[in-house]
Each structure stands twice: as structure tokens, then as C-alpha cells.
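The values are calculated or read from the model by the stated rules, or taken from the named source; none is laboratory data. The model shown is predicted, which means the values in this text are computed figures rather than measured ones. Backbone-built Cβ (ideal geometry, glycine too); neighbour counts: all protein chains shown.
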Amino acid sequence: MNRTVSPELLDSLPPGSAAARHSRRDLRRFNQLLGNDGWWDRVLPPETVSQPGLEIGAGDGLLARRHNLHALDLQASPDNWPAGLTWHQADISTFADWDRYPLLVSNLFLHHLQEPGLAELGRTWNQSVRTIIACEPWRKRGFRTGFALLCSFIRAHPVSRHDGRVSVEAGFRGDELPMLLKLDPARWEWKITPSALGMYRMIARRRITA
């Protein structure tokens with residue numbers, strides 16, 4: 001199953017539209033039922049103690065708020081965004097403040113990017129980032145079928161059904177994500193953990209040098 005990146009409908013909807021609100025609710029259910037919320041609760045607390053963190057593609061900001069992360073997204077900050085955390089409304093390709101954040105977090109965002117975009121980000125992150133933690137779709141036909149069944153179970157919106165399918169098709173397998181980010185194995189170590197429910201989880205850390 002080759003990796004294919006296609007537009008997702010939610011990205012083109014007005015944020016306040018009924019379809020967008022329904023789809024965001026579906027995303028919250030997906031994160032809960034697929035075990036993502038629990039995984040983030042396990043891996044983020046020790047990371048955020050020692051280094052400022054930034055969630056890229058933060059969406060509604062729930063994950064960033066829960067784990068005291070700053071946020072980057074094309075959309076404006078939600079109304080309840082905490083005053084003590086910075087919300088950067090910017091395009092990831094032109095964002096200039098990466099050196100402020102040794103820790104980067106991606107929850108279902110990096111799969112949106114084509115190979116050249118991932119490579120460009122990786123070249124930038126190699127300069128200053130210390131830790132990258134990502135939870136993305138695992139690209140496998142069986143998981144595409146399983147996701148369709150999950151959508152039926154929770155009565156997901158048609159937007160969510162479409163976006164879930166193309167997300168799996170744009171997901172990652174094996175060492176694809178660190179390789180596409182051009183992370184140098186001599187400078188980085190990473191662990192990829194696939195979940196039984198179709199999630200691709202990566203924790204990449206820059207190697208400690210004398």
C-alpha cells in the first residue's frame with residue numbers, strides 16, 4: 001500500500017460550520033477510543049518538565065492545554081486558550097521560532113505533508129529540536145477497514161469518514177517518518193511503536209554528545 005497524500009475535507013471547512021464542529025467531536029472520540037489520549041498522558045509529563053513544548057497543527061488546542069504546550073496552527077486560537085501559553089497562528093512552512101521549542105509534538109498532523117515538506121521540516125528541526133513525539137495513522141489496508149467500522153459505530157460525520165480513509169492512506173510504516181524527516185541516525189535515536197488499533201507512534205531524541 002503506497003503512501004498517498006490527499007486533501008482532507010475538514011481543512012477546507014469554515015471552523016464554525018456544523019460539519020466542522022461535528023468532525024472535531026468525532027476526532028475527540030477517535031483519540032479516546034484509539035487510545036491516543038492515554039498514550040499522550042503516559043509519554044508527555046516527563047518530557048514537559050525539562051523542555052518547552054510546541055504542538056504543531058494544534059487544532060482545537062485540547063491536547064496542548066492538557067499538557068501545558070504552546071501551539072502552532074493556521075487557525076486562530078480558541079476562545080478558552082490559556083493566557084500563559086503562546087498560540088502561533090502561522091503556516092508551518094514559514095514558522096520562524098523553532099529554536100524556542102526543544103520539544104515538538106504532533107497528534108495526527110504530519111501525515112498531511114508530502115515528502116518534500118517533511119524533508120524541509122526535518123532539515124530545520126535538525127538545527128535546534130531535541131525531542132519529536134508523533135502519533136500518526138499506521139498505513140495498512142486492514143486499518144482502513146477497521147476505521148470505517150469505527151466510524152459506523154460512533155455515527156461519524158461523512159467528513160470524518162472521508163478524512164479518516166485518506167489519513168490512513170497518507171500514514172506511515174516502519175521507519176518511514178524519521179527517514180522522510182531526514183533525521184540523521186548518527187545524531188538521532190528513535191523508537192517506532194505501532195498500536196493494535198492502527199496508530200503509528202514515534203519518539204525521536206537527539207543523541208547526547210560529549
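General remarks:
Results for (1) farther than 18 Å from residue 32 by Cβ; (2) outside any strand (DSSP E or B), shown as yes or no for each residue.
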site	(1), (2)
142	yes, yes
150	no, yes
174	yes, yes
197	no, yes
201	no, no
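- Residue 156 falls short on exactly one of the conditions (1) crowded, with 18+ Cβ neighbours inside 10 Å; (2) modelled with pLDDT of 95 or more; (3) outside any helix (DSSP H, G or I), and that condition is (2).
- Exclusive hit being under 24 Å from residue 207 (Cβ atoms), in contact with a helix residue (DSSP H, G or I) (Cβ under 8 Å, 6 or more places away or on another chain) and not hydroxyl-bearing (Ser, Thr, Tyr), set 118, 108: 118
- All helices (runs of 4 or more DSSP H) inside the range 1-117 with 2 or more residues being farther than 20 Å from residue 134 by Cβ, in contact (Cβ under 8 Å) with a residue 12 or more places away in the chain and charged (D, E, K, R): 18-33
- Any hit, the range 103-121, residues being hydroxyl-bearing (Ser, Thr, Tyr), in contact with a Leu (Cβ under 6 Å, 6 or more places away or on another chain) and either surrounded by 17 or more Cβ atoms within 10 Å (Cβ to Cβ) or at negative phi (or both): no
- If you go through the range 159-172 and keep only what is of a type in the set (A, V, I, L, M), touching a residue at least 40 places away in the same chain (Cβ under 8 Å) and assigned to a helix (DSSP H, G or I), you end up with 159, 166.
- Residue match in the range 181-192 (condition: closer than 28 Å to residue 13 by Cβ and not polar (S, T, N, Q)): no
- Being over 26 Å from residue 22 (Cα atoms) and surrounded by fewer than 21 Cβ atoms within 10 Å (Cβ to Cβ) is true of residue 207.
- The lone exception for residue 190 - which of (1) at pLDDT 95 or above; (2) outside any helix (DSSP H, G or I); (3) buried (at least 22 other Cβ atoms within 10 Å of the Cβ); (4) among the hydrophobic types (A, V, I, L, M, F, W, C) it fails: (3)
- Residues being more than 16 Å from residue 193 (Cα to Cα) and surrounded by 17 or more Cβ atoms within 10 Å (Cβ to Cβ) - total across the range 30-45: 2
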